[in-house]
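Below you'll find the structure, written out as structure tokens, and then a few comments.
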Amino acid sequence: MRMNDVRYCLRSLARTPGFTATVILTLALGIGANTAIFSIVDAVLLRALPFPHPEQLVRVVDNAPGVNARDIGMSPPELTDLQGRADIFESVAGVWPIDGNSTGGGRPERIEALAISFNYFELLGIKPALGRLIDSQDRTTGFANACVISYDFWQRNFAGDPHVLGKTLREDGDAYTIVGVTPNGFRHPGRTLSSEVDMWAATAFSGDPFPAEPQRNNNYIPGAVARLKPGLTVAQAQQRLDAFVAQLRTQFPRDYRPETRFSIQLEPLKDALIGNVRTLLLMLLGAVGMMLVIGCVNIANLLLARAAGRQREIVVRQAMGATRWRLIRQMLTESLLLALAAGFAGVIGAAASLRLLLELAPSRLPRLVEIGIDARVLVFSVAVCLLTGVLFGLAPALQTPATELAGRLREAGRGGGSSRRQAFATAALVTAEFAICLILMTGAGLLVRSFWSLTNADPGFDPHNAMVARIWLPQPNNPHNDPYARVQDRAVFIREALRRARALPGVSAAAMSTSFPMGARGVPNAVTVEGRAAGTGDSTLAETVSVSPDYFRVLGAPQVEGRAFSDLDQLGSAIVGEVDRGAAARFWPGELPVGKRIKLGGQQSTNPWVTIVGVVGDIRHDGMDADPVPHLYLSLWQRAGKVLALEVRTTGDPSSIAEPLRREIQAIDPNLPVFGIATFDHLIQSSLAPHRFSAQLMAAFAILALLLAALGAYGVLAYFVGQRTREIGVRMALGARGGSVVRMVAVQGLRPAMLGTAIGLAASLLLGRFLATLVYGVSIADPLVFVAAPAALLATAIAACVIPARRATRIDPLEALRYE
């Protein structure tokens, strides 16, 4: 841009403040939305993990596709094999996120701990903020005495005390010595239970509290992270690993049965962390990009109209010697100035709205703390500004002709209308605008329909006036120090907790379980159905949940067949279970499940047989959007775990009993924290958060796009009427009726709108498959959406035609003949 062009454009824009404000506000909206969404996409998808050579980091996952089981965990012997025998990895570390009870302060606190191999921090290449990190010098059987705490935990619990090193942290009754603090901003690059990791403790995954000699088929390590050897790609490493796994299957046939088709999969650590968020964020980025294009189309039409209004000025400047390139450069300068001004306003708006956007975002969105407006985002915003300036400025610039100067001078002197080429360009832009708008509307419609379907889906229980509180019974490293080591000990605690909970004012019923609806997704276990030969597929998998006798009554889940658990189903009596409808249909199709037997594990398992005594309705334990899986319920008195959930039904507001419930539990054992207290209504809404987020944003973008399309259609028609005022006046002077004038105006506006709608409809059907992973209970070609969206768009186009059409019928023929 030359300074003369800049000064001229600034004076020109200052003479038309309404036009200038309209363009800047329209573009600022689009650029701001793109900046805000890109800041999320950049932090979550594009930015490399903050570790040395992050491309070498992978997650190691054990699978058994023969029984449709994925991520089944890893055994210590397998971990040892991968660390020493596979010749693929520079290092491999097991990781196990666990709840822990932190005591010694004013009140017991639930913390999230991560049990790790001794090489974990070395593998990631982390340097401490204070002290040192765990390494091979801490190696021992069981858990090492040393621990590392997170920077946030250090600030929260120790107020950033620099003398924290050497202090004792008690977790599940075990004393750990704090030897270091992780750097600020460090997050475990993987899945956690419910929050960020507070404490890291190292273990060899053998020796107390683990088995002294772990078996190869005992997959109790949830997973592992690894660093590939330098120069080795993930694909090359996977090939070598497949050959190594084939050796393991041959060497240990009893542990890796052929029907399971055991395999180990490598997944880039970044992909494992992102999960299925990629599709959602790319969809949102595409949506705001489309909205920006619609804004650019509108502005291009405005500039075309403005250029036509300045036709006389342009022709005179050509007559005075201005070249075509000189005029194009001036128009592009004007559009770039508008884009840069809009970009400045858009970035300010994005920074102001990003906080609200992050509040709407699901809490489990990975790398949430890394999102912000930084230099990379600003570079993106500048690039968008320049691109949009060229994009909407190019159309009017290219309409500047270089020939027939004398004829154009005469035409400009008569105040003639737009050229055929300009009219075609305007119609093409409106067609593109409506096509893009319909793509946005159908995408938003599918997501809104999906969210509505999930909101109205039956969770399988009554969530109203019910709440849950979580309890973690401690797991000391020394089993002799465990007050809840035996099932009988846990049963005593559970019975007393239930007695106290039921005695609270406002509580009508209480139950306890090892899992709860809308909680963390469980891992299906292999089961064997008596009388059925081992097969393949998911028919031999079920999630197991231990529940107290009143569990289904508290939740309001229906008892379909047989009986519910009773207090007589305890240790020493026959082992009984219940299944849900899904399990009954899958394991015993067409048969009555009551009286049948099933056991955990494969055919060779030594676990006892479980007699089915009842069938209950399907409960969505894994979330409203999770595909139902079979559930096997066991009596809590016969199989009580240490991860417990206390479900309570009340006669009033359940949140009012949160503190009394906490006090009653801690009256039994003052070292037990009660955490995760929430109503089931809140848990259902939380499980819908990703769908709500995508539906809300897409709906907002679609509405804005619809408004922009309506304004664009109106602006084009209003300009069309203004340019053809003389022609319309002549027609009416010669006897043309108002209806024919309205039809002429309406056809002029509706023709590109209808063509754009048809193109957009075809494109939406083709692009719908990219939303398949984001919609639930709705076809990607849902008839309601694909009828309602085009109808709404065409109705908007018709409404946009009404005012210019009515204006055309009120033209006075005599005034029109004198019009310039």
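Observations, loosely collected:
- Filtering segment 1-41 to residues that are hydroxyl-bearing (Ser, Thr, Tyr) and either closer than 30 Å to residue 227 by Cβ or in a helix (DSSP H, G or I) (or both) leaves 8, 12, 20, 22, 26, 35, 39.
- Residue 482 meets the conditions (1) over 15 Å from residue 667 (Cα atoms); (2) surrounded by fewer than 18 Cβ atoms within 10 Å (Cβ to Cβ); (3) among the charged types (D, E, K, R) in every case but one. The failed one is (2).
- Against the conditions (1) over 30 Å from residue 337 (Cβ atoms); (2) crowded, with 19+ Cβ neighbours inside 10 Å, residue 65 satisfies every one except (2).
- Scanning segment 278-287 for residues that are of a type in the set (Gly, Ala, Ser) and open to solvent by less than 20 Å² (accessible area, probe 1.4 Å) returns a single hit, 287.
- In segment 349-364, the residues that are assigned to a helix (DSSP H, G or I) and closer than 23 Å to residue 683 by Cβ: 358, 359, 360
- Selection over segment 450-491 of residues that are of a type in the set (Ser, Thr, Tyr) and not in a helix (DSSP H, G or I) gives a count of 1.
- When residues of segment 140-162 are limited to those that are touching a strand residue (DSSP E or B) at 6+ places or on another chain (Cβ under 8 Å) and more than 20 Å from residue 184 (Cβ to Cβ), the one modelled with the lowest pLDDT: 142
For every residue, the table says whether it meets (1) crowded, with 20+ Cβ neighbours inside 10 Å; (2) modelled with pLDDT under 90.
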position	(1), (2)
203	yes, no
207	no, yes
225	yes, no
231	no, yes
234	no, no
261	no, yes
268	no, no
276	no, yes
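- Of the set (1) surrounded by 18 or more Cβ atoms within 10 Å (Cβ to Cβ); (2) over 30 Å from residue 357 (Cβ atoms); (3) among the aromatic types (Phe, Trp, Tyr), all apply to residue 8 but (1).
- Those residues of segment 142-165 which are open to solvent by 50 Å² or more (accessible area, probe 1.4 Å) and either in a loop (DSSP other than H, G, I, E, B) or not acidic (Asp, Glu) (or both), in sequence order: 145, 151, 155, 156, 157, 159, 162, 163, 165
- Matching entry among 70, 85 (being of a type outside the set (Val, Ile, Thr), open to solvent by 30 Å² or more (accessible area, probe 1.4 Å) and either closer than 30 Å to residue 157 by Cα or out of contact with any strand residue (DSSP E or B) (no Cβ under 9 Å at 6 or more places or on another chain) (or both)): 85
- Selection count where residues are open to solvent by 50 Å² or more (accessible area, probe 1.4 Å), part of a helix (DSSP H, G or I) and either aromatic (Phe, Trp, Tyr) or modelled with pLDDT of 85 or more (or both), scope segment 753-787: 12
- Look at segment 491-514: where a residue is closer than 15 Å to residue 637 by Cα and in contact (Cβ under 8 Å) with a residue 40 or more places away in the chain and a partner is among the charged types (D, E, K, R) and not in a helix (DSSP H, G or I), sitting 6+ places away or on another chain with Cβ atoms under 6 Å, you get 511/550; 511/647.
- Residue check for residue 117: touching a Lys or Arg at 6+ places or on another chain (Cβ under 7 Å), touching a residue at least 60 places away in the same chain (Cβ under 8 Å) and surrounded by 18 or more Cβ atoms within 10 Å (Cβ to Cβ): no
- Within the set 122, 109, the sole residue that is open to solvent by 50 Å² or more (accessible area, probe 1.4 Å) and under 25 Å from residue 472 (Cβ atoms) turns out to be 109.
- Residue check, residue 580 farther than 19 Å from residue 607 by Cα and touching a His at 6+ places or on another chain (Cβ under 8 Å): yes
- Comparison of 44, 58 shows that the only residue that is open to solvent by less than 10 Å² (accessible area, probe 1.4 Å), in a strand (DSSP E or B) and closer than 30 Å to residue 380 by Cα is 58.
- Top-ranked residue of segment 596-619 - restricted to ones that are open to solvent by 50 Å² or more (accessible area, probe 1.4 Å), out of contact with any Lys or Arg (no Cβ under 7 Å at 6 or more places or on another chain) and part of a loop (DSSP other than H, G, I, E, B), ranked as modelled with the highest pLDDT: 596
- Qualifying residue in segment 92-101 (condition: closer than 28 Å to residue 207 by Cβ, open to solvent by less than 10 Å² (accessible area, probe 1.4 Å), of a type in the set (Val, Ile, Thr) and not in a helix (DSSP H, G or I)): yes
Residues checked against (1) within 27 Å of residue 186 (Cβ to Cβ); (2) surrounded by fewer than 18 Cβ atoms within 10 Å (Cβ to Cβ):
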| site | (1), (2) |
| --- | --- |
| 359 | yes, yes |
| 363 | yes, yes |
| 371 | yes, no |
| 379 | yes, yes |
| 382 | no, yes |
| 387 | no, yes |
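- Residue check, residue 85 of a type outside the set (Val, Ile, Thr) and farther than 20 Å from residue 255 by Cα: no
- Candidates in segment 11-41 are the residues that are closer than 24 Å to residue 375 by Cα and among the small types (Gly, Ala, Ser); of these, the one that is surrounded by the fewest Cβ atoms within 10 Å (Cβ to Cβ) is 28.
- Entirely in segment 623-705, the strands (runs of 3 or more DSSP E) that have 1 or more residues that are at pLDDT below 90 and open to solvent by less than 20 Å² (accessible area, probe 1.4 Å): 674-679
- Filtered by the rule that a residue be over 26 Å from residue 623 (Cα atoms), part of a loop (DSSP other than H, G, I, E, B) and open to solvent by less than 40 Å² (accessible area, probe 1.4 Å), segment 492-517 gives 504, 506.
- Qualifying residues in segment 561-618 (those that are of a type in the set (Lys, Arg) and touching a residue at least 40 places away in the same chain (Cβ under 8 Å)) - the one nearest to residue 489 (Cα to Cα): 599
- Check on residue 212, at pLDDT below 85, out of contact with any Gly (no Cβ under 7 Å at 6 or more places or on another chain) and of a type in the set (A, V, I, L, M): yes
- Residue match in segment 12-28 (condition: over 30 Å from residue 190 (Cβ atoms) and basic (Lys, Arg)): yes
The values are calculated or read from the model by the stated rules, or taken from the named source; none is laboratory data. All figures in this text were calculated on a predicted structure; none of them were measured in a lab. Virtual Cβ from ideal backbone geometry, glycine too; neighbours counted across all protein chains shown. For accessibility, only protein heavy atoms count, side chains too; no ligands or nucleic acids. Shrake-Rupley method; radii C 1.70, N 1.55, O 1.52, S 1.80 Å.
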